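This report concerns only the one structure given below.
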Amino acid sequence: SEPVRISLKDTAFHPKNVAVHEGQAVRWINDDSVAHTVVATSGASFDSGTLDPGKGAFYETTMRNAGNVAYHCTIHPNMTGTIKIVP
């Protein structure tokens, strides 16, 4: 199946909350004018590194285990999002 797309724009994740199935990928795309990161806070372990602006930079990872994942941008700590992974 296609990855679920999350846009990084206006210093926020759009959409902020998503639901995916186990084994489905999530792709974050930096559509903003500043750099961002995508780092798991709980429920999973991933770190995109810096996604530079204006170059279509993206990070993609597959969600493996049912449950809730919280994540944030380390550059902008108020930028948060959640992923609900369903079996």
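Assorted remarks:
- If R0 is 25 Å, the Cβ-Cβ spacing of Ala70 and Val34 corresponds to a FRET efficiency of close to 0.70.
- Calculated accessible area for the chain comes out at 54 Å² per residue, all protein chains present (probe 1.4 Å; ligands, DNA, RNA ignored).
- Only one residue of Leu51, Ala19, Asn30 has its Cα farthest out toward the positive end of the dipole of the chain, where Lys and Arg carry +1 and Asp and Glu -1 on Cβ, and that residue is Ala19.
- Percent carbon-and-sulfur accessible area, the chain, ignoring ligands, DNA and RNA, probe 1.4 Å: 48 percent
- Most to least packed among 71-82, 16-27 [average Cβ atoms within 10 Å]: 71-82, 16-27
The values are calculated or read from the model by the stated rules, or taken from the named source; none is laboratory data. Fair warning: this is a prediction, and the values are worked out from it, not measured in the lab. Backbone-built Cβ (ideal geometry, glycine too); neighbour counts: all protein chains shown. What goes into the accessible areas is simple: the full protein's heavy atoms, side chains included, and nothing from ligands, DNA or RNA. Shrake-Rupley method; radii C 1.70, N 1.55, O 1.52, S 1.80 Å.
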